[in-house]
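The values are calculated or read from the model by the stated rules, or taken from the named source; none is laboratory data. From a predicted model like this one, the values you see are computed outputs, not experimental measurements. Counting neighbours? That spans all protein chains shown, and the Cβs are built from the backbone with ideal geometry, glycine included. For the accessible areas, the whole protein counts, side chains as well, though only heavy atoms, and no ligand, DNA or RNA atoms are used. Shrake-Rupley method; radii C 1.70, N 1.55, O 1.52, S 1.80 Å.
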Amino acid sequence: MKKLNAKRVRRHMLRTFEFWQLDEKFLIISPDKKLCTLTGMESLPESDTGYFGYAYLDDTLRVAFLGFCNEEDGTYKYFDADQVLVAQAHMLPTMLVRVVKPTEELVKHPFVRGVLEFHQSDILRRSTLALRQIDHLRDPLRPEILKAAWIKDENKLERIFDDSVKVYVDALLTAYEQAEKDGIRARDVEIEGEPEPPPVDAMIVEFVRITDLTPANNGTWRAVLLDDISGTRKKKKGDDVTLSLVTTTIDEEERSYTMLFIDVDAPIEDTAIDVTSFKPFRLPWRIAYTLECPDCNFKNTYYLGRSGEDRLLFKEIIEEIRAGRVDPLIAIDLVQRDDCEIDFSRELYRCRSCGTLDVKKRVRLITKDHTLSMMYYCLECGERMSHIKRGHIASLDCPRCHEQLNPVEEALWDGVDPN
Ligand SMILES: [Zn+2]
Ligand SMILES: [Zn+2]
């Protein structure tokens with residue numbers, strides 16, 4: 001049995017988790033004799049200590065049984081020859097699981113690597129799974145299927161309203177001209193029948209199932225229709241369609257609701273990414289910091305900063321983005337906006353759980369109205385890492401023994417990463 005170093009989080013019934021709390025996470029599964037009696041699971045070896053699994057979304061949420069696990073002493077062991085048994089999560093009996101964060105060591109399992117590679121190749125479709133505000137529109141079993149609203153005759157209703165406004169304005173102008181001739185003051189002129197927008201209940205709203213929701217250029221969204229839309233022949237089941245995502249805030253309830261609206265007339269936009277490198281006003285200092293522990297033998301040098309435009313590193317980052325190794329919300333902006341710039345610099349990060357120190361590229365997406373920072377996770381335990389500001393580097397704790405580290409050297413370096 002191997003020691004499980006990954007950070008373990010909440011323990012709950014499998015069914016009480018949302019799909020996004022489990023997707024791409026490992027699981028400690030409590031022992032249950034019933035599991036081996038399920039169809040397709042007959043070859044699952046019995047265990048008194050429990051199983052080690054991996055949860056991932058593939059149409060529905062799946063649980064792959066990868067091996068045995070003993071929660072008490074925190075150890076695990078894969079089945080022989082990397083044997084894997086996969087079950088749909090909703091077919092599994094009520095079972096207690098503990099979520100385990102993915103670490104560098106755990107994601108080396110060939111099955112898990114396969115899932116992650118497939119997910120990365122599908123980054124645009126998967127990016128919208130990170131939009132919590134549309135969770136209420138998702139199919140409970142198949143979260144990639146959503147309900148979108150279509151307003152029947154939306155354009156026609158708009159046109160009728162616009163026409164009635166025009167008729168009213170024309171009548172008003174004629175009345176003013178007449179009034180001038182008759183010597184009547186303009187403010188005494190009264191015209192009845194000021195038009196109002198059509199009442200909400202005059203609109204026929206139909207809900208249609210869509211799938212493959214992805215961000216698209218010019219701030220749009222696109223998806224594939226899973227149903228025909230009754231009342232229009234412009235789009236049918238299987239067609240690509242453009243959508244808008246609209247959030248309305250209701251002040252009295254202090255809540256906001258988000259809806260997806262289908263626009264059958266809008267052109268289908270492309271999903272290409274256009275990005276430039278951000279030119280910082282002042283470049284981050286390129287300094288190598290050497291830290292040493294006074295108690296144990298920990299000593300390391302961290303090469304931080306960025307060398308001018310650093311085209312090589314920028315190219316690396318763009319390749320990572322194209323390979324799908326990017327946070328979903330950053331991917332969405334990159335597709336939808338044409339004002340995206342990428343800022344980056346090698347900077348020091350520290351794990352919020354185990355204190356491991358690591359240099360990351362600190363990729364930030366900068367647009368006219370906001371900045372999004374890439375999130376980085378600890379390779380040792382899977383917990384999120386925090387960026388360490390340069391001024392705090394001199395007061396860090398040793399990741400091994402937690403004694404305060406001594407900053408022994410600060411030196412300029414040439415920008416060619418020696419690691
Ligand atoms: Zn850690
Ligand atoms: Zn130490």
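Listed by first and then second residue, the pairs linking a residue in region 396-412 that is closer than 10 Å to residue 291 by Cα and in contact (Cβ under 8 Å) with a residue 60 or more places away in the chain to a residue that is open to solvent by 100 Å² or more (accessible area, probe 1.4 Å) and part of a loop (DSSP other than H, G, I, E, B), with Cβ atoms under 9 Å apart and 6 or more places separating them unless they lie on different chains, are 398/295.
Name the residues in region 134-176 that are assigned to a strand (DSSP E or B) and not β-branched (Val, Ile, Thr), would you? Result: 138, 146, 147, 148, 149, 150.
Within region 295-309, the residues that satisfy the criterion of being open to solvent by less than 20 Å² (accessible area, probe 1.4 Å) and more than 16 Å from ligand 2 (Cβ to nearest atom) are 304, 305, 306. Does region 101-108 include one or more residues that are modelled with pLDDT under 95, open to solvent by 30 Å² or more (accessible area, probe 1.4 Å) and away from ligand 1 (no atom under 16 Å from the Cβ)? No, region 101-108 has no match at all. Out of 179, 148, one residue alone is outside the structural domain of residue 381 (by TED's automatic domain parsing), in contact (Cβ under 8 Å) with a residue 12 or more places away in the chain and open to solvent by less than 60 Å² (accessible area, probe 1.4 Å). It is 148.
Could you please give the count of residues in region 1-37 that are β-branched (Val, Ile, Thr) and either more than 34 Å from the chain's Cα centre (by Cα) or part of a loop (DSSP other than H, G, I, E, B) (or both)?
Adding up the residues that qualify gives 1.
Against the numbered list (1) over 18 Å from residue 149 (Cα atoms); (2) under 29 Å from the mean Cα position of the chain (by Cα); (3) not hydrophobic (A, V, I, L, M, F, W, C), residue 185 comes up short only at (2). I need the full set of residues from region 283-326 which are in contact with a Cys (Cβ under 6 Å, 6 or more places away or on another chain) and more than 16 Å from ligand 1 (Cβ to nearest atom), in order please. 293, 295, 296 - these are the residues of region 283-326 that are in contact with a Cys (Cβ under 6 Å, 6 or more places away or on another chain) and more than 16 Å from ligand 1 (Cβ to nearest atom).
Under the condition of being in a loop (DSSP other than H, G, I, E, B) and open to solvent by 80 Å² or more (accessible area, probe 1.4 Å), the residues counted in region 200-220 number 2.
The residues on offer are 74, 40, and the sole one that is in contact (Cβ under 8 Å) with a residue 40 or more places away in the chain, more than 30 Å from the chain's Cα centre (by Cα) and closer than 30 Å to residue 212 by Cβ is 40. Evaluate the following for residue 292: is it modelled with pLDDT of 95 or more, among the acidic types (Asp, Glu) and within 30 Å of residue 359 (Cβ to Cβ)? Judged against the criteria, residue 292 is a match.
Tell me, which strands (runs of 3 or more DSSP E) wholly within region 339-419 include 2 or more residues that are open to solvent by 60 Å² or more (accessible area, probe 1.4 Å) and within 16 Å of ligand 2 (Cβ to nearest atom)?
406-412
With respect to the conditions (1) in contact (Cβ under 8 Å) with a residue 40 or more places away in the chain; (2) of a type in the set (A, V, I, L, M); (3) open to solvent by 10 Å² or more (accessible area, probe 1.4 Å), residue 112 lacks only one, and its number is (3).
Within region 63-90, work out how many residues are open to solvent by 50 Å² or more (accessible area, probe 1.4 Å), within 23 Å of residue 16 (Cβ to Cβ) and part of a strand (DSSP E or B). Looking only at that region, the number is 2.
Scanning region 265-279 for residues that are surrounded by 14 or more Cβ atoms within 10 Å (Cβ to Cβ) and not aliphatic (A, V, I, L, M) yields a count of 4. Note on region 221-243: residues that are closer than 18 Å to residue 137 by Cα and open to solvent by less than 50 Å² (accessible area, probe 1.4 Å) total 10.
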